[in-house]
Amino acid sequence: MTRTLFLLPGDGIGPEAMAEVEKLISVMNADENAGFETATGLVGGSAYDEHGQAISEDDMARAMAADAVLFGAVGGPKWDGVPYEARPEAGLLRLRKDMELFANLRPAICYPALADSSSLKRDVVEGLDILIVRELTGGVYFGEPKDIIDLGNGQKRGIDTQVYDTFEIERISGVAFELARTRSNKVCSMEKRNVMKSGVLWNEVVTATHKARYSDVELTHMLADAGGMQLVRWPKQFDVIVTDNLFGDMLSDVAAMLTGSLGMLPSASLGAPNPRSGKRKALYEPVHGSAPDIAGRGIANPIAMIASFAMCLRYSFEMVAEADRLEKAIAGVLDDGLRTADLMSPGMTEVGTAAMGDAVVAKYRALAA
Ligand code: NAD
């Protein structure tokens with residue numbers, strides 16, 4: 001069986017973190033006959049330097065054809081002056097748009113060994129495992145009209161439009177309910193139905209989708225502002241949270257920070273299932289950026305990238321046992337006291353990017369034995 005992965009390491013620490021995932025891929029192919037076939041392309045500033053655009057048409061075609069895309073990070077001061085359409089982020093936005101990645105999955109998992117680096121108390125965050133499912137291609141970031149109008153009286157008016165159609169809410173809530181079934185079987189939907197018409201529709205459609213197809217899953221509704229409070233008050237009450245693009249942007253960042261460093265946070269973005277194969281287009285990436293301040297020094301934390309690959313195993317290849325084992329390996333090296341500089345605390349052992357990757361690989365293999 002062949003599984004195709006298209007790697008887009010990008011800029012800054014992206015390639016350094018991706019190299020650690022490539023080690024894992026080699027080991028899985030050798031030890032487990034996993035059948036991964038990889039190809040590597042350019043995105044962001046590195047693509048601009050080579051092709052004058054943030055991703056080439058060739059690489060777009062390879063991304064579209066792969067079973068899954070692994071993305072590192074893009075950007076850096078070197079490309080601050082490039083034309084707007086060719087700026088590094090344009091590569092990521094093009095991938096999201098052409099692959100129609102409407103569902104963004106952001107887990108917030110608190111590894112026991114890191115519970116003390118959260119800004120919240122240990123008992124509030126220890127063992128936390130929640131998943132925020134954010135609608136990614138609709139809502140106020142894309143709705144029209146979107147403009148700044150000169151009113152002619154010395155005033156201007158800025159306009160953004162929050163707009164959702166039934167099908168968009170149905171498909172994102174369907175993803176949330178399906179994922180909940182593989183976890184603790186609970187979904188909390190968040191919107192602002194008290195003040196927004198799009199929130200009223202969101203609530204109605206989520207409720208109807210639940211009734212029609214997912215009544216075995218426990219569904220609750222919460223106003224998004226109350227949800228923000230509950231996330232920092234008692235986050236362990238949640239399993240899967242489903243919400244729109246704007247609220248999801250903010251709530252997923254709040255949830256992420258419950259768990260400590262930016263270097264730990266993975267994400268996945270999924271499209272609709274292919275009607276023939278049932279497979280969804282998918283892109284996996286760490287939440288962090290290219291970290292130009294530490295790039296090239298071999299000190300970046302590769303765990304967010306490795307954990308993104310664990311999500312890829314789980315969601316693109318149904319390799320659930322391997323994904324569980326990889327996540328356990330990450331927890332294991334942290335339990336052993338290994339820390340990259342971003343996580344370092346007294347009494348721990350500081351390691352660089354490659355040593356952290358090696359340790360995760362070794363633990364992954366040991367857990368198989
Ligand atoms: P950043 O995430 O790159 O870095 C923020 C801080 O966190 C820095 O101090 C950095 O050293 C640290 N950090 C981030 N990831 C780390 C890791 N894995 N290990 C250790 N430390 C880590 O955000 P920024 O500084 O705001 O942006 C830098 C560049 O990245 C900009 O060009 C920005 O546009 C781009 N960016 C890209 C993406 C993406 O590719 N998806 C996301 C965010 C920012």
Fill in the blank from the handout: Subset of the stretch 288-298, residues in contact with a helix residue (DSSP H, G or I) (Cβ under 7 Å, 6 or more places away or on another chain) and either of a type in the set (Phe, Trp, Tyr) or near the ligand (Cβ under 7 Å from one of its atoms) (or both), comes to 288, 290, 292
Practice task
Tell me which residues, restricted to the stretch 14-63, are surrounded by 15 or more Cβ atoms within 10 Å (Cβ to Cβ), of a type in the set (A, V, I, L, M) and assigned to a helix (DSSP H, G or I).
Solution key: 17, 18, 19, 21, 24, 25, 27, 28, 47, 60, 63
Exercise for the section: Restrict the check to the stretch 23-30 and report whether at least one residue is touching a helix residue (DSSP H, G or I) at 6+ places or on another chain (Cβ under 6 Å), charged (D, E, K, R) and under 23 Å from residue 289 (Cβ atoms). Expected result: yes
Fill in the blank from the handout: Flagged in the stretch 303-319 as free of Cβ contacts under 8 Å to residues at least 40 places away in the same chain, in a helix (DSSP H, G or I) and over 21 Å from residue 16 (Cα atoms), in numbering order, are 314
Fill in the blank from the handout: Conditions (1) within 16 Å of the ligand (Cβ to nearest atom); (2) on the phi > 0 side of the Ramachandran plot; (3) open to solvent by less than 60 Å² (accessible area, probe 1.4 Å) -> residue 307 fails only (2)
Exercise for the section: Take the stretch 223-261 and flag every residue that is over 15 Å from the mean Cα position of the chain (by Cα) and within 16 Å of the ligand (Cβ to nearest atom). Expected result: 260
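Under the condition of being open to solvent by 20 Å² or more (accessible area, probe 1.4 Å) and of a type in the set (S, T, N, Q), which residue from the stretch 262-284 is nearest to the ligand (Cβ to nearest atom)?
Taking the stretch 262-284 and keeping what is open to solvent by 20 Å² or more (accessible area, probe 1.4 Å), we get 262, 272-281.
Still in the running and of a type in the set (S, T, N, Q): 274, 277.
Working: 274: 25, 277: 28 Å.
Checking each candidate, the answer is 274.
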Exercise for the section: Considering each of 190, 229 in turn, give the residue that is exposed (fewer than 14 other Cβ atoms within 10 Å of the Cβ) and either assigned to a helix (DSSP H, G or I) or touching a Gly at 6+ places or on another chain (Cβ under 9 Å) (or both). Expected result: 229
Handout entry: Lone qualifier among 324, 342 - being exposed (fewer than 15 other Cβ atoms within 10 Å of the Cβ) and acidic (Asp, Glu)
Key = 324
Practice task
Among the candidates 10, 91, single out the residue that is surrounded by 15 or more Cβ atoms within 10 Å (Cβ to Cβ), under 20 Å from residue 262 (Cα atoms), within 11 Å of the ligand (Cβ to nearest atom) and not aromatic (Phe, Trp, Tyr).
Solution key: 10
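If we scan the stretch 64-85, do we find a residue that is assigned by TED's automatic domain parsing to the domain that holds residue 177, modelled with pLDDT of 95 or more and part of a loop (DSSP other than H, G, I, E, B)?
no
Could you pull out the residue among 318, 322, 327, 285 that is acidic (Asp, Glu) and in contact with a Ser or Thr (Cβ under 8 Å, 6 or more places away or on another chain)?
Answer to the selection: 285.
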Practice task
List every residue pair whose Cβ atoms lie under 7 Å apart, where the two residues are 6 or more positions apart in sequence or sit on different chains, the first residue falls within the stretch 261-286 and is acidic (Asp, Glu), and the second residue, located anywhere, is within 16 Å of the ligand (Cβ to nearest atom).
Solution key: 285/71; 285/267; 285/308
Problem - Residue among 76, 81, 52 that is within 13 Å of the ligand (Cβ to nearest atom), small (Gly, Ala, Ser) and over 21 Å from the mean Cα position of the chain (by Cα) - result: 81
Problem - the stretch 25-49, subset of a type in the set (A, V, I, L, M) and more than 16 Å from the ligand (Cβ to nearest atom), residue farthest from residue 323 (Cα to Cα) - result: 39
Handout entry: Complete set of residues in the stretch 333-348 that are within 12 Å of residue 264 (Cα to Cα) and part of a helix (DSSP H, G or I)
Key = 334, 342, 343
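The values are calculated or read from the model by the stated rules, or taken from the named source; none is laboratory data. Everything numeric in this text was worked out from a predicted model, so none of it was measured. Every residue, glycine among them, receives a Cβ derived from its backbone with ideal geometry; neighbour counts consider all protein chains shown. The accessibility values were calculated without ligands, DNA or RNA, using every heavy atom of the protein model including side chains. Shrake-Rupley method; radii C 1.70, N 1.55, O 1.52, S 1.80 Å.
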